[in-house]
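Asker: Here it is: the structure, laid out below.
Every number in this text was worked out from the coordinates using simple rules, so none of it is lab data. Bear in mind that the values here come from a model prediction, so they are computed numbers and not experimental data. Glycine also receives a Cβ, built like all others from the backbone with ideal geometry; neighbour counts cover every protein chain displayed.
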Amino acid sequence: MFHGARCCSIIRQIGKYGQQRYTRYSIDTFRRNSSQSQIEELSYKAALCRACGQPTAATHPHLIKDGEVVPGIQFQEFRERRNKLMENIVSHGCVANAGKSHIVIIPSSSKVYMSEKIPYVFRQNTDFLYFTGCQEPDSILIITAKNENFETVLFVRQRNEHSELWDGPRTGVEDALRLFGVDLALPVTEFEQFFISFINENKTSIIWYENMDIVQPNLHTKLHKLIKAASSQKFISPTNIIHKIRLIKSQSEIDLMKESCKIVSAAISRTIEISKPKMSEHQLFATVDYECRMKGAEFLAYPPVVASGKNANIIHYIINNQIIQDKDMVLMDAGCEYHGYSSDVTRTWPISGTFTEEQRLLYEIVLDIQNILICKLREMPTLDELFRDMCSLLGKRLQEIGLIPKHLSGDKLLAAAYIYCPHHVSHYLGMDVHDTGKISRNIKLQPGMIVTVEPGITYSKTFYCFIVN
């Protein structure tokens, strides 16, 4: 078990590089005369006195309750997540890593621009958000571990009157310490000095940084030079460990996921109600987007598929610009993001309001298979086992109606079924739509995992039938 260490040694290290010292940002100033619970309460409430770089309970009481850093997630849960990460980091290869220090580096996202001065909607790096609750761009989370102590340091942009005039308030260094419950908050401009100091004082340290999926290009370039210079240090990606932790959802996360799914389900139901022949796919796109936002979602989780007729044979069809004809089936694959958690729901329906006999037959085959697979989840299979079960069930049902030759069996039957459903039946779901991408689909399900169940039939001569919960 780790113990919160005092920050004074870090403060002295930073002090070597300039006149300014950051003792005033250290949580030690609260520790002298307060219990830990008092520290957390006073620190958190103090950060609510003004507008920050994200909603707080004071500025947005309709979104955030007292004690929450982000909607639905308490201050303490973020601390527990960081503790769990470091316990896993230090125990990873514990014999080889015995006695070594560790530094974990998790960057936030940066703003991305579609054209000159026109930004895309900002979406935070979910690994960074999971451990901090911080929605600030161009920030860095550092967690260091030495012996049984670890320190959490958050580097954020300093407040800037001119920038805040254009882009809104920033949290700033002082309030970041109180709002996010880290041990130390520093200006992001001090990151390089901090890193050099830590490496110089810990010659056998292990550097944990995701080197392949680049989040902040400028930081990545700078860090690569620093890491290359520190040739005696071992360099490991923390993403596998992070995703193993994120894979199992807390009750707070499950509650947010339920609401996200509830919102998009209601939005799709409303879209089905108003749909009619001669509407454009884009109008249905606009309807589901509007309904999700009106019910509390921040935005759609991904560009939705709104595919009519033969367009539905394109798995990731997102042009959504065709006029829907009288006898078309419509496929809508949409999800919303609700306070950082994504949903993923697909429905198909006849635009006329009435199935033809052939449409109903295939629709009900897929629906029956989906219900069987949902029941199979109680057996805690792997997702790959679930996929094999789906291919087997689908193959047999398609044999019954003459779409697959009846003499096929075993792997040949599975291969034939895959032609009609050319995608996996399930993926993990959470903060990202395809969540925890480093986790194999060949591990047994466990309580707390959230997955999709999405069998389908592609039948190009008439329509595409695809259902997912």
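Asker: What nm value, rounded to one decimal, do you get for the distance between HIS407 and SER269 when each label is placed 7 Å out toward the C-beta?
Answerer: A separation of 4.9 nm, rounded to one decimal place.
Asker: Could you tell me the relative contact order of the chain? Use alpha-carbon pairs under 8 Å, at least six residues apart, and round to a whole percent.
Answerer: Computed over the chain, the figure is 12 percent.
Asker: Excluding residues on the same chain fewer than 8 positions from LYS376, give the aspartates and glutamates whose Cα lies under 14 Å from its Cα.
Answerer: Counting by Cα, and skipping residues close in sequence, LYS376 has these aspartates and glutamates nearby: ASP368, ASP384, GLU385, ASP389, GLU454.
Asker: Under 12 Å from the Cα of LYS111, which aspartates and glutamates turn up, not counting those fewer than eight places away in the same chain?
Answerer: Qualifying aspartates and glutamates at Cα under 12 Å: GLU136, ASP138, ASP167.
Asker: A further question on this structure: Please give the charge dipole size of the chain, origin at the Cα centre, charges +1 on K and R Cβ atoms and -1 on D and E Cβ atoms. Round to the nearest 20 debye.
Answerer: 960
Asker: For SER250 and GLU80, compute 0.36 nm times the residue count separating them, minus their Cα-Cα distance, and round to one decimal in nm.
Answerer: 60.1 nm
Asker: Continuing with this model, one more query. If you take the charge dipole of the stretch 251-467 about its Cα centre, with +1 on Lys and Arg Cβ and -1 on Asp and Glu Cβ, which of LEU284, MET294, MET329 is farthest toward its positive end?
Answerer: Value computed over the given set: MET329.
Asker: Here's another thing I want to ask about it. Estimate the FRET efficiency between ILE443 and GLU87 by the formula 1/(1 + (r/R0)^6), using the beta-carbon distance for r and 25 Å for R0, to the nearest 0.05.
Answerer: The value I calculate is 0.75.
Asker: Tell me what the chain gives for mean residue ellipticity at 222 nm when only DSSP H runs of n ≥ 4 count, each as -39,500 (n - 2.57), the sum divided by the residue total, rounded to 500 deg cm²/dmol.
Answerer: Mean residue ellipticity, 222 nm, calculated: -12000 deg cm²/dmol.
Asker: Report the FRET efficiency, 1/(1 + (r/R0)^6), for ARG50 and MET212, where r is their Cβ-Cβ distance and R0 is 51 Å, rounded to 0.05.
Answerer: Taking R0 as 51 Å, the efficiency between ARG50 and MET212 is 0.85.
Asker: Quick one: of LYS117/LYS228; LYS234/LYS438; LYS146/LYS444; LYS100/LYS244; LYS310/LYS406, which pairs are farther than 30 Å apart, Cα to Cα?
Answerer: Beyond 30 Å between Cα atoms: LYS117/LYS228; LYS146/LYS444.
Asker: Full-extension gain between GLU298 and MET114, please, as 0.36 nm times their residue separation minus the C-alpha to C-alpha distance.
Answerer: Fully extending the segment from GLU298 to MET114 adds 64.3 nm.
Asker: Once you put a point 7 Å from the Cα of THR204 and another 7 Å from the Cα of HIS282, both along the Cβ direction, what distance in nm separates them?
Answerer: The answer from the label model is 6.4 nm.
Asker: Considering the values (1) 35, 28, 21; (2) 38, 31, 17; (3) 47, 26, 19, which represents semi-axes √(5λ) of the Cα gyration tensor in Å as calculated for the structure under consideration?
Answerer: Checking each listed value against the structure points to (3).
Asker: What residue among THR152, GLN74, LEU63 has its Cα farthest toward the positive end of the dipole of the stretch 41-247, where the charges are +1 on Lys, Arg and -1 on Asp, Glu, each on the Cβ?
Answerer: Farthest towards the positive pole: THR152.
Asker: Moving on. Cα centroids of the stretch 358-428 and the stretch 133-168: how far apart, whole angstrom?
Answerer: 48
Asker: Moving on to the next point. Roughly what % antiparallel, to the nearest 5, for the DSSP beta bridges in the chain?
Answerer: Roughly 75 percent of the DSSP beta bridges within the chain come out antiparallel.
Asker: Once you have the Cα-Cα distance between ILE318 and LEU377, take 0.36 nm times their residue separation minus that, and quote the gain in nm to one decimal.
Answerer: Computed gain between ILE318 and LEU377 is 18.2 nm.
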